[in-house]
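The values are calculated or read from the model by the stated rules, or taken from the named source; none is laboratory data. Values in this document were obtained by computation on a predicted structure and should not be read as measured data. Positions of Cβ are backbone-derived with ideal geometry, glycine not excepted, and every protein chain shown enters the neighbour counts. Quick note on the areas: whole protein, heavy atoms, side chains included, nothing else; ligands and nucleic acids left out. Shrake-Rupley method; radii C 1.70, N 1.55, O 1.52, S 1.80 Å.
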Amino acid sequence: MPDLSTYRLHRVVEDSPVWGVTVPGLRVAYYRHGGRATAGLYAYQGVEIFVAWGYLDERHCRFHAFRSADGDWEPPQPGCPRVRAQPGGGLRLRTGNGVRELPPGQSVWTAVGSVAGEAARRTAASENPVSTSAPMNVAACTTGLTAGTKPITATGS
């Protein structure tokens, strides 16, 4: 996991798009470290839900990690996270612990439900990952960062 305390905040995008679909309540804080290292910290409805990191000159993320329902970080996984915008708002996440639906207007963690079974895995496997460098045409940029109760550190604690 990247230690974001050693990165500098580059920009923040409110109501960020996922694969071209604006997601109300999705906030992304983009960070840079040194000349090439980047990280994106994604929060939905004020709750950090995943982080993805890699290098500026690479098209896709090197790694990503989702936050579990108990507030801890799942182990990092290679590549970009698999995230989709839901019709009518909300997000669908394919995490290491299964598929999660984050509906709009509800508490993120009370609404989180894992979907088990082969059909859910087949559906999630067909979803494209989201890139932390993907939003190029962004309407709203602000400064600041929504901090969670368990910050990202080099040890993940």
> Among 93-99, 71-77, what's the highest-first ranking by average C-beta atoms within 10 angstrom per residue?
Replying inline: 93-99, 71-77
> Dipole magnitude of region 13-109 about its Cα centre, charges +1 at Lys/Arg Cβ and -1 at Asp/Glu Cβ only, in debye to the nearest 20?
Replying inline: 260 debye
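Count charges around A65 for me, please; just the other residues with Cβ under 11 Å from its Cβ, Lys/Arg as +1, Asp/Glu as -1.
Working: positive: R67; negative: E48, D72, E74.
Residues close to A65 contribute a combined charge of -2.
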> Once both labels are modelled 7 Å past Cα along the beta-carbon direction, what's the Q86-R59 spacing in nm?
Replying inline: 3.1 nm
> When all protein chains stay in place, what accessible area (Å², nearest 10, 1.4 Å probe) is found for D57?
Replying inline: 110 Å²
> Between T6 and A37, what is the label-to-label distance in nm when each label sits 7 Å out along the Cα-to-Cβ direction?
Replying inline: 0.4 nm
